[in-house]
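First the structure, in the form of structure tokens, and then the observations on it.
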Amino acid sequence: LPALLRVFAEETEARLARLAARPPLPAVEAEAHGLAAAAGTFGCAALAALASRIEAAAAAGREAEAEALLAELPPLARRSLAAIGAAGEGS
């Protein structure tokens, strides 16, 4: 389990970095989809829900909504990683 948590933390940090680069909406949708699935697997319900909302906004072409939700993502992701004991594992 610690190795899986490490991989989840590393992948989450990589996704955050890619999303911070403001990719086009199809890329946002794909990254958010992957994050939602992974977060759900590890029991990070709030993170999975936010990622699903970002995915839906991106899929619908609602760029302003997606950007607003993306602003909430980094702090929630880091709190979620800390809560499951994976914070800083990828660093």
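Computed per residue of the chain from DSSP H runs no shorter than four, each worth -39500 (n - 2.57), the mean residue ellipticity at 222 nm is -27000 deg cm²/dmol. Placing +1 on the Cβ of every Lys and Arg and -1 on the Cβ of every Asp and Glu, with no other charges, gives the chain a dipole of roughly 140 debye about its Cα centre.
Note on the chain: the C-alpha convex hull projects to 4.9 nm² when averaged across all orientations.
Considering only PHE42, GLY85, ALA64, the residue lying farthest towards the positive end of the dipole of the chain is GLY85, judged by Cα position with unit charges set on Cβ. Give me the percent of the accessible area of the chain that comes from carbon and sulfur atoms, probe 1.4 Å, all protein chains in place. After summing per-atom areas, the C and S share lands at 59 percent. In the full protein context, the stretch 1-84 carries 52 Å² of accessible surface per residue, based on a 1.4 Å probe and ignoring ligands, DNA and RNA. Which of rounded, prolate or oblate describes the stretch 42-91 when judged by the alpha-carbon gyration tensor and an a/c cut-off of 1.5? Since a/c reaches 1.5 and a/b is larger than b/c, the shape of the stretch 42-91 is classed as prolate.
The values are calculated or read from the model by the stated rules, or taken from the named source; none is laboratory data. In this text, all values refer to a predicted model and were calculated from it rather than measured experimentally. Cβ: placed from backbone, ideal geometry, glycine included. Neighbour counts: every protein chain shown. Note: areas computed on protein heavy atoms with side chains; ligands, DNA, RNA excluded. Shrake-Rupley method; radii C 1.70, N 1.55, O 1.52, S 1.80 Å.
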